Amino acid sequence: MKYGVNKEILLITAGTVWIIAGANILRIGIVTWLNNSEGWMFKIGEATIVFLLFFVLIFKRLYYKHTQRIERKKEQKNCPFSFFDVKSWI
């Protein structure tokens with residue numbers, strides 16, 4: 001019997017991984033901000049610009065790429081780690 005998960009579970013897994021990664025980055029930012037609260041208005045503007053650049057230039061493109069790849073899969077049961085392609089894991 002081949003173990004695997006369906007496409008919906010792969011999408012949920014990918015979303016969960018990105019949420020965990022984003023929460024970790026947010027945690028690092030908050031800790032850094034609390035350690036040095038000078039120029040908070042500048043830091044908010046800077047963080048907003050970095051977030052928007054990351055979203056537009058990286059995350060949005062990766063989201064569409066991986067979602068389309070998962071939706072094109074023909075197998076009913078897929079490896080639970082196949083929500084990323086090999087290049088993304090490396």
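Brief remarks follow.
- Length-normalised contact order of the chain in % [C-alpha pairs under 8 Å, at least 6 apart]: 70 percent
- Within the chain, the longest run free of GluC sites (Glu not before Pro) that sit in a DSSP loop with at most 16 other Cβ atoms within 10 Å is 1-37.
- Two-site label geometry, E8 and V56: point separation in nm, points 7 Å out along Cα→Cβ: 3.5 nm
- Of the chymotrypsin sites (Phe, Trp or Tyr not before Pro) in region 30-86, the ones in a loop by DSSP (not H, G, I, E or B) with at most 14 other beta carbons within 10 Å are F81.
- For the pair K65 and N36 in one chain, pulling the backbone fully straight at 0.36 nm per residue adds 6.7 nm over the alpha carbon distance.
- Farthest positive-ward along region 13-79 dipole, Cα basis, beta-carbon charges - from N35, I25, F59: F59
- Rounded tilt (10° steps) of 60-71 against the dominant C-alpha axis of the chain: 10 degrees
- Folded to 0 to 90 degrees: helix 40-54 orientation relative to the chain principal axis, Cα: 20 degrees
- Counting all C-alpha pairs of region 7-72, share separated by more than 14 Å (%): 69 percent
Each value in this text was obtained by applying a stated rule to the coordinates, not by laboratory testing. Since we're looking at a predicted model, the values are computed, not measured. FYI the Cβ positions are ideal-geometry reconstructions off the backbone, even for glycines, and counts take in every protein chain you see.
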